[in-house]
Amino acid sequence: MTAPVIAPLASWMPDERLKNWAGNLTYSTDKVYYPTSVAEVQQLVKKYERLKVLGTRHCFNDIADSKYNLVSTNKLNKIISLNEAQRTVTVEPGIKYGELAPYLESKGFALHNLASLPHISVMGACTTATHGSGVKNGNLATAVAAIEFVTADGTIHTLSKERDEEKFNAAVVGLGGIGVITKVTSDLQPTFTMKQYVYEHLPMTQLKEHFEHIVSAGYSVSLFTDWQSDNINEVWIKSKDDDGFNAGPEFFGAKAATKNMHPIADLSAENCTDQMGVSGPWYERLPHFKMGFTPSSGAELQAEYFVPKQHAVDAIFAVHKLGKAIGPHLFISEIRTIDADNFWMSPCYKQPSVAIHFTWKQEIPEVMKLLPVIEKELAPYKVKPHWGKLFALSHTQLNGLYEKMPAFVQMLKEYDPKGKFRNDFLNRNIYGV
Ligand SMILES: Cc1cc2nc3c(=O)[nH]c(=O)nc-3n(C[C@H](O)[C@H](O)[C@H](O)COP(=O)(O)OP(=O)(O)OC[C@H]3O[C@@H](n4cnc5c(N)ncnc54)[C@H](O)[C@@H]3O)c2cc1C
């Protein structure tokens, strides 16, 4: 019954290999498979000795790369069921947040948070601990209640938050290493509406004195800066309609914008979600960029660093000191907060955090030279990198930052004893070989 399915699934592109979203990485194989069911996933996993799952290709490093076979979740993108009583939704892993959100809204539900863009796959995002902002909002994986996955021997496993606490916490932010996640159940909340306000030119002196107030002013707050002055360029405050951010003409010395803004002030705000206090559904306010439009700037690179929230101000000022070196290569930086979680490999494991993000021009040698400089400056604050973006920290450094790393490696070996889902990224950063 299973044998004939494999061959027609192969999409083989001899001359044109697939690239990641930003185009800075060409995947190392032209063998890409597009299963449409769990049974097809199982066949592929059983057939090949080495493979890697691919989501929507939005990572900037080689975390999703394979020299052998790629199994795309592009066609595993359906909504499986909604449990209104338990307030959960179960979906296939490749569905994009931008596809799931309008459905949830139509049923009266919402997710607790979204990343800056809705274009990414649910499981590709959760497995790298992708996050939005908000002092009380954990990363996107914190909404996950259960997963189903196919391990190296082709068998199906499930883990749930309620039943399998430790293993669940090890597996959800699993960096693509545990197998092919084929179903994900997420916790929901009642739908809500939001307003978005942008303020320009927030003095850094205000940030130093009032950091906690500023980042707690709304449900989700983002600070955008190019580090070229003593001001934060833009403050984006996303406020739930019922939690009453009192929008005035000034915010800690920053002035209310008079039109919709792009995080890079010179770019048109056409791609951006509505601002100026216009109320709208959660999924059209939480991301900065609209579905159907190019998010961010397009041809770019990204890096992002997390430090414990108590070091936020020191870390921000440490990066500010590097402004001259950073400036020529940067489009924009974004500073966000993320609440603590329990996922072993999350940068926010047991630690409310602040994330300092860099959208770079696509100048790879220059950016790769700058990253160790930034990492050194942030080292006193136990800096951790975003798993899906560029970084230079070594396995030894990462191992020292993640107390659960040895236990995580042990778990990976249990599910994948022969390294079927290992790739250069996991070998280099996690296994240290
Ligand atoms: C313009 C832009 C804006 C961004 N904004 C944010 C942001 O606001 N916040 C943030 O934190 N990050 C952000 N990111 C980073 C992005 O969220 C992450 O890179 C995320 O992992 C992308 O998901 P993906 O589906 O494209 O993953 P891919 O790059 O396709 O894969 C990532 C990893 O997930 C694994 N994987 C995918 N699906 C499965 C599955 N079903 N089972 C097992 N493993 C799987 C892959 O093997 C790989 O290891 C942004 C990226 C871009 C390009």
Item to check | Extension gain, residue 399 back to residue 428 (0.36 nm per residue minus Cα-Cα distance, nm) | outcome: 9.3 nm
Next on the checklist: Under the 0.36 nm per residue contour assumption, what length would be gained going from the current alpha-carbon distance of residue 107 and residue 278 to full extension?
Outcome noted: 59.3 nm
Checklist outcome for this item: note: segment 299-369, Cα-Cα separations exceeding 20 Å make up a percent value of 36
Checklist outcome for this item: Per its Cα gyration tensor (rounded if a/c is under 1.5, else prolate when a/b beats b/c, else oblate), segment 260-398 is best filed as oblate
Item to check | Among 156, 256, 395 the positive-end extreme of the charge dipole of the chain (Cβ point charges) | outcome: 156
Checklist entry - By the scheme Lys and Arg +1, Asp and Glu -1, what is the net charge of all other residues having a beta-carbon under 11 Å from that of residue 169? => result 0
Item to check | Net charge of Cβ neighbours under 11 Å - reference residue 332; Lys, Arg +1; Asp, Glu -1 | outcome: -4
Checklist entry - Which semi-axis lengths, in whole Å and largest first, follow from the square roots of five times the eigenvalues of the Cα gyration tensor of the chain? => result 35, 24, 20
Next on the checklist: Using protein chains only and a probe of 1.4 angstrom, how many square angstrom of residue 34 are accessible, to the nearest 10?
Outcome noted: 50
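Which entries of 183/420; 31/413; 78/418; 52/195; 255/324 have Cα-Cα distances beyond 29 Å here?
Numbers: 183/420 20 Å; 31/413 25 Å; 78/418 31 Å; 52/195 40 Å; 255/324 25 Å.
The answer is 78/418; 52/195.
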Checklist outcome for this item: In whole percent, the fraction of accessible protein surface over the chain that belongs to carbon or sulfur atoms, probe radius 1.4 Å, stands at 51
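Take every Cα pair under 8 Å in the chain that's 6+ residues apart, average their separations, divide by the length, and report that relative contact order as a whole percent.
The value is 17 percent.
So, with +1 on the Cβ of K and R and -1 on the Cβ of D and E, and no other charges, what is the size of the charge dipole of segment 181-321 about its Cα centre, to the nearest 20 debye? Don't skip to the end; give the middle numbers.
Values: 11 positive and 18 negative charges, 41 e Å.
Roughly 200 debye for segment 181-321.
When the Kirkwood radius is taken over all Cα pairs of segment 247-312, what Stokes-Einstein diffusion coefficient follows at 20 °C and 1.002 mPa s, in µm²/s? If you can, show how the numbers build up before the last one.
Details: Rh = 14.3 Å.
Estimated via Stokes-Einstein, D reaches 150 µm²/s.
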Item to check | Spin-label proximity, residue 80 to segment 143-170 - amide N less than 13 Å from point 7 Å beyond Cα toward beta carbon | outcome: 145-150, 156-160
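Give me the dipole magnitude in Debye, nearest 20, for the chain about the Cα centre, with unit charges on the beta carbon: positive for Lys and Arg, negative for Asp and Glu. Walk me through the numbers before you get to the answer.
On the way: 44 positive and 46 negative charges, 189 e Å.
Taking the Cα centre of the chain as origin, the dipole is about 900 debye.
Two decimals is fine: what's Rg over Rh for segment 336-432, C-alpha atoms, Kirkwood radius as Rh? Each step should come with its number before you reach the end.
On the way: Rg = 14.6 Å, Rh = 14.8 Å.
Rg divided by Rh gives 0.98.
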Checklist entry - Is the shape of segment 40-119 best called rounded, prolate or oblate, per the rule: a/c under 1.5 gives rounded, else a/b larger than b/c gives prolate, else oblate, with a ≥ b ≥ c the square roots of the Cα gyration tensor eigenvalues? => result oblate
Checklist entry - What residues from segment 375-412 fall in the zone where the backbone N is under 12 Å from a label point 7 Å along the Cα-to-C-beta line of residue 325? => result 375-379
Item to check | Over segment 27-97, relative contact order from alpha-carbon pairs under 8 Å, at least 6 apart, % | outcome: 33
Next on the checklist: If N is the number of residues in segment 207-263, what value comes out of its Cα radius of gyration divided by 2.2 N^0.38 Å?
Outcome noted: 1.12
Checklist entry - Between segment 218-274 and segment 31-84, what is the C-alpha centre distance in whole Å? => result 37
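How far, in nm, would the chain grow between residue 230 and residue 369 when pulled straight, counting 0.36 nm per residue and subtracting the alpha carbon separation? If you can, show how the numbers build up before the last one.
Values: separation 139, 0.36 × 139 = 50.04 nm, distance 2.48 nm.
Contour length minus the Cα-Cα distance gives 47.6 nm.
For segment 211-335, build the convex hull from the C-alpha positions and give me its volume per residue in Å³. Could you put the intermediate results ahead of the total?
Details: hull volume 15.6 nm³, N = 125.
It comes to 125 Å³ per residue, whole-number rounded.
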Item to check | Estimated dipole of segment 135-178 in Debye, rounded to 20 [Cβ of Lys and Arg +1, of Asp and Glu -1, Cα centre] | outcome: 200
Next on the checklist: How much accessible area per residue does the chain have, counting only protein heavy atoms and a probe of 1.4 Å, in square angstrom?
Outcome noted: 40
Checklist entry - With the chain treated as a Gaussian network of Cα nodes joined by springs under 10 Å, which of 131, 210, 58 yields the largest mean-square fluctuation? => result 210
Checklist entry - In a GNM of the chain with a 10 Å cut-off on Cα contacts, which of 401, 117, 223 has the highest mean-square fluctuation? => result 401
Item to check | Within straight-line cross-link reach of residue 384, aspartates and glutamates at Cα separation under 19 Å, skipping those fewer than 8 residues along the same chain | outcome: 62, 304, 314, 334, 339, 341, 375, 403
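Given the convex hull over the Cα atoms of segment 81-207, what projected area results after averaging over all orientations, in nm²? Show your work: numbers first, answer last.
Working: hull surface 38.9 nm².
Taking the Cα atoms of segment 81-207, their convex hull projects to 9.7 nm² on average.
The values are calculated or read from the model by the stated rules, or taken from the named source; none is laboratory data. None of the values given here were measured: they were computed from a predicted structure. Cβ atoms come from the backbone with ideal geometry, glycine included; neighbour counts cover every protein chain shown. For accessibility, only protein heavy atoms count, side chains too; no ligands or nucleic acids. Shrake-Rupley method; radii C 1.70, N 1.55, O 1.52, S 1.80 Å.
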